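The values are calculated or read from the model by the stated rules, or taken from the named source; none is laboratory data. Quick caveat, the model's predicted, so the values are computed rather than measured. Because the Cβ atoms are built from the backbone with ideal geometry, glycine has one as well, and the counts that use them run over all protein chains shown.
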């Protein structure tokens, strides 16, 4: 693969990974970008299959974005970094590494301050930034809405919607324009969202950073995390006495359907990887708790789409080896020209799941799953398992590239 410029249809020049093979998944949606006209940076397809490239990946650093050129763009204020935080993949480490947590100084003013304002049950700006939702009737709080400081924020530290891009396109035109301007000013966007959110706007170039985890461990962790935060509880309906087996085997289970079946592939491809065609016309958005019965089946095409996107990221890490990443936090801060330079992180768990005795009956562990449930999980996450294997290779490359760039910078 080589670095080229080709005619594009986004608002600014971007760093993008576009597949130009007509038989492969479409990476960009022309219908949403028909009114824009710019140059698009892309990787030229040299005719190699995904399997052939996988064999060469370890020795070929050019599959990921070149760090020196990327750094120059951030120094010049012409780039946006998107932290695509896949749930329960140690993505909270990214939150700390980029200082985007509520108590940290990178994003000021910090939109999380609008979450629980005294006298407001729902803040309109917070809802718009977090979910791409605008509902003045049911979300009337207007604190910060007309404040110039909030109109000119350059950091969006918390996005949480897997349908964010689709919701954005359904907003009233003036509200959509406001959100687009916010994204165009942003040097950093972080949260739980799907690939493609950059199409809303960025500073001219963009780069993605993410973490992945073995799918079985990730799903077990997601289940236990939701016991900890009270979403799943033996004493609080409607979860009632539901078990992990119920969650895995029941396609109509009302919690976490989007989490349990090739979730990472769906999020990283985001092209026909959500609701089934027959359900897309409904008023329902694809969300974390969409029952798996409503989701389209994943195929090799979706996997290759996700893998191609992943290979175009700036940095890719895996949860099992975050101890490799934490000492490199200062290098990451310099690479993306962050306001705050983060010291090397301690080699401890960040935002761990801790369960009390009352939850012991619901909690599960990967090594204690029945053979049938383990086999079902493997069946549901075939493509995520393959994607994780590739992510492990990209992790090694990312660490080596960061160390090399840090020595030369």
Of the listed residues (89, 93), the one being buried (at least 20 other Cβ atoms within 10 Å of the Cβ), touching a residue at least 24 places away in the same chain (Cβ under 8 Å), in contact with a helix residue (DSSP H, G or I) (Cβ under 6 Å, 6 or more places away or on another chain) and part of a helix (DSSP H, G or I) is 93
Looking at the structure I just gave you, is residue 177 without any contact (Cβ under 8 Å) to a residue 60 or more places away in the chain and touching a strand residue (DSSP E or B) at 6+ places or on another chain (Cβ under 9 Å)?
no
Q.
It is to be established whether one or more residues within segment 132-148 are more than 15 Å from the chain's Cα centre (by Cα), at pLDDT below 95 and closer than 28 Å to residue 309 by Cβ.
A. no
Over segment 348-367, the set of residues in a helix (DSSP H, G or I) and either loosely packed, with under 11 Cβ neighbours inside 10 Å or at pLDDT 95 or above (or both) is 357, 367
(1) modelled with pLDDT of 65 or more; (2) farther than 30 Å from residue 316 by Cα; (3) surrounded by fewer than 17 Cβ atoms within 10 Å (Cβ to Cβ) all hold for residue 237 apart from (1)
Result of the Cβ filter at 7 Å on segment 240-259, keeping first residues that are in contact (Cβ under 8 Å) with a residue 24 or more places away in the chain and on the phi > 0 side of the Ramachandran plot and partners that are surrounded by fewer than 19 Cβ atoms within 10 Å (Cβ to Cβ) and assigned to a loop (DSSP other than H, G, I, E, B), at least 6 apart or interchain, is 256/288; 256/289
Across (1) at pLDDT below 85; (2) in contact with a strand residue (DSSP E or B) (Cβ under 7 Å, 6 or more places away or on another chain); (3) on the phi > 0 side of the Ramachandran plot, residue 42 clears everything bar (3)
